[in-house]
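The values are calculated or read from the model by the stated rules, or taken from the named source; none is laboratory data. Because the structure is predicted, anything quoted here is derived from the model rather than measured. Every residue, glycine among them, receives a Cβ derived from its backbone with ideal geometry; neighbour counts consider all protein chains shown.
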Amino acid sequence: MHELLKRSEDLGATFSDLRLYDVDELSLFASETMRQVTSMGKDKGGSLRVLVSGNWGYAHFTKLNQDIVRTAVESAYGDERVNIVLLPPLHDRVEIRTKKPVTKSPEEIMNDMIRLRDDIMRADPRIRSVNVRFTNSRIHKEYFSSEDREITLDYELSNISVRAIAREGDVVASASTSMATYLGYPLEVFDPNEIVETIKRRIGNQLRGKVPKGGDSDVVLAPDVVGVFSHEALGHLSEADLAINGILGNLRGKRIAEDFVTVVDSGRSDYPMAHGIVPYDDEGVESRDVKIVDRGVVSEFLVDRYYSAYLGERPTGNARAEDFRSPMLIRMRNTYMMPGDWSKEELIREIKDGYLLVSPLGGQTSPDGTFQFGIQEGYRIVKGEVTEPLRNVGISGYTLETLGRISGVSKDFGMWPGYCGKGGQSVPVGTGGPYIKVRVKVGGNE
Amino acid sequence: MSDPFSLVNRAKNLGYACEIYYVERWEYSLAKEKQYQSSNLKEMGYGVRIFKDGRVGFAFSTDLTDEVLDRAISVLRVSERDPNNEIPPASKPSLLSLDRGEDLVEPSKETLKPLEDLQEKVNVVGLYASATRVKVGVVNTEGLDVSEIRSSVHAGVTANYKDQAIVTPEIYESRSGRSFKEIQIDELKESVVEKVSVTKSRIKLETKPSRIVLNTKAISELLYPLLSYSVNGENVYRKRSPLDLGQVYGMITVVDNPRNEKSELSRSFDGEGQATSERTLIGKGVFQGVLTNWYWSRKMRVPNSASAVRSYMSTPSVGPSLMQIFCDEKQELEENDLVVDQVQGVHTSNWDTGEFGVVVPVAWVVRKGEKVGVREVVLSGDLKTLLRGVKGEVGSRKRVWAIESPDLAVEGLTIVS
């Protein structure tokens with residue numbers, strides 16, 4: 001066991017764990033006016049957590065020394081009622097290997113970014129401004145606990161994201177896309193032309209798009225949007241710390257949707273963009289799949305060690321911290337709705353007057369069950385046919401009401417990368433799902 | 001282990017202009033949700049920028065060694081040759097009093113305790129008290145050597161009403177400052193209880209109000225981020241801002257004031273060590289000033305507003321401090337005005353066009369002098385319409401996080417209920 005843990009026990013800790021992080025960061029930025037390294041270096045530090053007389057104490061540090069233990073023990077504060085699940089001893093080392101390792105120098109990567117930037121600007125002369133960002137994090141984490149758990153994780157996350165602005169007369173349009181993966185260099189794992197084509201299509205649509213009429217409407221949500229819906233509207237409500245004060249808290253075992261609706265949170269998915277990879281969480285807990293909604297019925301919540309004990313639910317491996325500075329919170333990993341039997345075309349044909357909503361701009365939910373998110377690519381559907389593009393669309397509603405209104409789920413399925421914010425921390429997550437047909441409130445500007 | 005001065009000298013001897021931004025941060029925080037959490041952070045970090053022949057390189061580390069300088073030098077060629085890539089000059093800021101020098105641990109505990117009384121009146125989701133003390137310094141090869149200690153404190157409550165039948169929206173109320181002595185805990189508690197009470201039974205809006213009133217909290221959540229993006233010199237230069245310099249957008253005045261000692265975003269110098277000062281961004285509706293760091297002031301050929309913001313892990317970008325909003329026109333709160341208190345989904349806004357569509361979970365209308373809660377509405381529009389739609393100020397000035405403003409009466413935004 002690590003010597004800091006022994007010393008914690010000597011000072012009265014009944015449980016302690018130590019997280020050590022060593023992350024090599026590289027971040028590059030290119031636009032039509034500048035290019036530079038915006039971040040590069042080693043983010044190295046740790047966090048010692050102790051349970052003393054039923055109270056948590058934390059010490060986060062960049063310099064490891066014996067004073068850390070005393071700081072953690074002395075910071076313990078509370079009502080002496082913390083109870084957590086303890087786990088058996090375990091020693092493990094996990095390395096997630098890339099398929100296309102990032103072997104290029106920062107200068108060579110920048111040259112690739114410049115080529116991508118130029119391709120985007122050439123794709124549509126109305127595009128005046130482009131941001132291209134590349135980030136790469138080589139992550140080495142070590143976890144030690146007083147239960148004699150020692151876990152080492154090594155993996156790498158890379159992301160390329162683009163945001164472009166175009167003008168035509170008085171109309172301004174903007175579009176974004178990103179490709180993030182744990183498999184290595186995104187411009188080799190994926191086809192860069194897809195980025196160019198996506199930006200070109202979204203810019204064109206935004207410039208000629210119509211603002212939809214606000215109000216309730218039948219819509220088909222594409223996998224990217226269903227993923228964000230599953231994450232924002234349902235996933236957050238199933239995080240145990242939010243669930244106990246929210247609308248899902250009293251609904252375990254209750255039906256809230258049709259049989260064909262199943263929503264899962266998983267620490268590992270084979271989809272390349274499912275970068276919410278968590279083989280072990282930051283409390284050293286093995287990751288397992290959680291069926292939040294199982295065939296229409298509220299099934300399980302996402303828990304950490306504390307809520308596992310509090311709710312009597314088997315640990316799920318959902319405790320995550322953005323970095324060594326941050327406390328662990330209950331967070332999602334890869335959250336998705338399972339596919340069904342319909343085809344995408346069949347779902348669209350069912351709609352007489354509605355919308356196909358393809359790509360979100362992020363979203364937000366509240367524990368009372370309201371959600372809202374923006375849409376950057378969408379189309380009107382008239383008599384079962386996809387017609388004119390839309391601009392300035394948002395959707396909102398009540399989660400339970402909306403889940404109950406899902407009337408079709410497709411076989412087609414996709415996963416997308418995202419970053420989830422909670423408690424001032426941001427962690428990579430995957431979101432995904434099939435196409436679904438549902439009725440929601442569409443917010444426009446007219 | 002080196003020290004900033006030795007490393008700057010080493011860079012100079014190698015023929016580079018060099019800047020080191022360093023931080024020693026201490027944070028203490030307490031949270032009571034279902035369980036108590038207590039946290040203590042100590043960190044040190046260094047960001048090293050290198051300049052030569054119009055190129056710039058950067059590296060950071062939590063240890064200051066020769067290696068971090070070598071890494072910064074190694075990526076010089078990634079940047080484009082640009083004469084505006086020049087090291088900022090020496091600056092002698094007049095130092096503000098941003099640290100009261102007092103113990104912050106016990107007052108954090110003393111702040112959390114009385115908040116626990118709220119559990120008898122509302123469903124408390126979380127109680128929070130935290131304090132930060134940070135030493136920030138910048139040295140460079142031009143002779144710049146500035147440092148100061150900044151402290152800030154914060155108290156917050158998340159609460160709602162919950163029973164077997166209904167769960168109301170979470171209300172988050174917080175107060176912040178330089179010292180816990182400046183935070184009025186009773187006022188914070190009263191505000192939480194009143195807002196939970198207002199949202200306990202909510203009506204659906206049957207007719208759309210012709211006017212909304214954004215209170216200071218809503219302004220900090222909605223208008224502040226939209227304005228921050230739009231007055232950023234980089235975004236204006238690259239025509240990514242929805243606002244154009246010299247154009248008129250309504251009648252309010254917006255001042256960025258980094259020298260208000262009560263605001264936790266205030267600073268004597270910015271992330272490049274340059275002395276800060278007030279800047280009028282919008283004067284009686286006219287967009288007249290932008291925020292810049294050293295690079296963007298040179299690029300735009302405007303005086304530097306010294307608005308470089310950064311962590312030691314990144315190069316300086318541009319950001320506001322305390323935004324103060326003034327309006328000459330006075331208005332009274334009228335029957336059926338929709339008062340917006342809290343919005344969600346601002347991050348889904350299109351910053352480049354200024355378009356937004358946000359859910360309003362906490363709002364009320366005034367009927368016969370009483371606040372009547374309103375079920376969720378979607379508020380949409382764009383920044384220009386919002387600014388032009390301001391009809392006047394309502395009530396007294398307040399500071400909420402990075403905004404100091406009266407409530408604003410606004411027309412012209414779309415409400416979907």
Discussion item. Taking the conditions exactly as written (within 13 Å of chain A (Cβ to nearest Cβ) and more than 20 Å from the chain's Cα centre (by Cα)), does B:N123 satisfy them or not?
Written reply: yes
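Condition check ((1) of a type in the set (G, A, S); (2) farther than 20 Å from A:N159 by Cα; (3) within 14 Å of another protein chain (Cβ to nearest Cβ); (4) part of a helix (DSSP H, G or I)) across all residues:
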site: A:K6; (1), (2), (3), (4): no, yes, no, yes
site: A:F15; (1), (2), (3), (4): no, yes, yes, no
site: A:L20; (1), (2), (3), (4): no, yes, yes, no
site: A:L26; (1), (2), (3), (4): no, no, yes, no
site: A:A30; (1), (2), (3), (4): yes, no, yes, no
site: A:S39; (1), (2), (3), (4): yes, no, yes, no
site: A:K44; (1), (2), (3), (4): no, yes, yes, no
Worksheet item: Out of segment A:393-446, which residues are on the phi > 0 side of the Ramachandran plot and out of contact with any strand residue (DSSP E or B) (no Cβ under 6 Å at 6 or more places or on another chain)?
Response: A:G424
Practice prompt. Among what's in segment B:2-36 and is of a type in the set (D, E) and in contact with an Asp or Glu (Cβ under 8 Å, 6 or more places away or on another chain), pick the residue that is nearest to A:S39 (Cα to Cα).
Written response: B:E19
Worksheet item: For residues in segment A:57-80 being touching a helix residue (DSSP H, G or I) at 6+ places or on another chain (Cβ under 8 Å) and among the β-branched types (V, I, T), which is nearest to the other protein chains (Cβ to nearest Cβ)?
Response: A:I68
Practice prompt. Taking the residues in segment B:153-182 that are away from chain A (no Cβ under 14 Å) and crowded, with 19+ Cβ neighbours inside 10 Å as candidates, determine which candidate is farthest from B:E86 (Cα to Cα).
Written response: B:E173
Worksheet entry | Elements of type helices (runs of 4 or more DSSP H) contained in segment A:145-263, each with 1 or more residues being within 26 Å of A:T103 (Cβ to Cβ) and more than 24 Å from the chain's Cα centre (by Cα) | A:192-208
Discussion item. Can you tell me which residue is modelled with the lowest pLDDT among those in segment B:183-221 that are over 22 Å from B:K371 (Cα atoms) and surrounded by 17 or more Cβ atoms within 10 Å (Cβ to Cβ)?
Written reply: B:I183
Worksheet item: Any residue at all in segment B:322-344 that is surrounded by fewer than 18 Cβ atoms within 10 Å (Cβ to Cβ) and free of Cβ contacts under 8 Å to residues at least 40 places away in the same chain?
Response: yes
Discussion item. Could you check segment B:337-390 and list, in sequence order, the residues that are more than 14 Å from chain A (Cβ to nearest Cβ), outside any strand (DSSP E or B) and either hydroxyl-bearing (S, T, Y) or in contact with a Lys or Arg (Cβ under 8 Å, 6 or more places away or on another chain) (or both)?
Written reply: B:D337
Worksheet item: Looking at B:D63, B:D117, which one is surrounded by 14 or more Cβ atoms within 10 Å (Cβ to Cβ) and either in contact (Cβ under 8 Å) with a residue 40 or more places away in the chain or among the basic types (K, R) (or both)?
Response: B:D63
Practice prompt. Could you please find all residues in segment A:266-294 being surrounded by 24 or more Cβ atoms within 10 Å (Cβ to Cβ), over 14 Å from A:H231 (Cβ atoms) and among the aliphatic types (A, V, I, L, M)?
Written response: A:V278, A:V285
Item to complete: Scan segment A:103-114 and give yes if some residue there is in contact with a helix residue (DSSP H, G or I) (Cβ under 8 Å, 6 or more places away or on another chain) and small (G, A, S), otherwise no.
Response: no
Fill in: Breaking point among (1) in contact with a helix residue (DSSP H, G or I) (Cβ under 6 Å, 6 or more places away or on another chain); (2) farther than 30 Å from B:S201 by Cα; (3) touching a residue at least 40 places away in the same chain (Cβ under 8 Å), for B:V78
(3)
Item to complete: Considering each residue of segment A:382-407, count those that are under 27 Å from A:R163 (Cα atoms) and part of a strand (DSSP E or B), and give that number.
Response: 9
Discussion item. Being farther than 24 Å from A:F324 by Cβ, of a type in the set (F, W, Y) and at pLDDT 95 or above narrows it down to one residue among B:Y46, B:Y16; which is it?
Written reply: B:Y16
Practice prompt. Determine whether A:A30 is touching a helix residue (DSSP H, G or I) at 6+ places or on another chain (Cβ under 9 Å), within 21 Å of B:S130 (Cα to Cα), small (G, A, S) and buried (at least 20 other Cβ atoms within 10 Å of the Cβ).
Written response: no
Practice prompt. Looking only at segment A:301-326, count how many residues are touching a Leu at 6+ places or on another chain (Cβ under 9 Å) and more than 24 Å from A:G57 (Cα to Cα).
Written response: 1
Discussion item. I'd like to check something: does segment B:41-55 contain any residue that is touching a His at 6+ places or on another chain (Cβ under 6 Å) and either crowded, with 22+ Cβ neighbours inside 10 Å or outside the structural domain of B:E142 (by TED's automatic domain parsing) (or both)?
Written reply: yes
Response to the item:
Going through segment B:38-67 in order, the residues found to be touching a helix residue (DSSP H, G or I) at 6+ places or on another chain (Cβ under 8 Å), facing another protein chain (nearest Cβ under 7 Å) and aliphatic (A, V, I, L, M) are B:V56, B:A59
Worksheet item: Is it fair to say B:Y295 is out of contact with any Ser or Thr (no Cβ under 7 Å at 6 or more places or on another chain), within 29 Å of B:A72 (Cβ to Cβ) and buried (at least 21 other Cβ atoms within 10 Å of the Cβ)?
Response: yes
Worksheet item: Is at least one residue of segment A:252-264 within 14 Å of chain B (Cβ to nearest Cβ) and buried (at least 23 other Cβ atoms within 10 Å of the Cβ)?
Response: no
Discussion item. With the structure loaded, tell me whether A:G408 is within 14 Å of chain B (Cβ to nearest Cβ) and either within 28 Å of A:G246 (Cα to Cα) or out of contact with any Lys or Arg (no Cβ under 9 Å at 6 or more places or on another chain) (or both) or whether it fails that test.
Written reply: no
Worksheet item: What do you reckon, is B:L112 in a loop (DSSP other than H, G, I, E, B), modelled with pLDDT of 95 or more and surrounded by 17 or more Cβ atoms within 10 Å (Cβ to Cβ)?
Response: no
Worksheet item: Restricted to segment A:423-446, and to residues that are within 12 Å of chain B (Cβ to nearest Cβ) and part of a strand (DSSP E or B), which residue is farthest from A:P212 (Cα to Cα)?
Response: A:S426
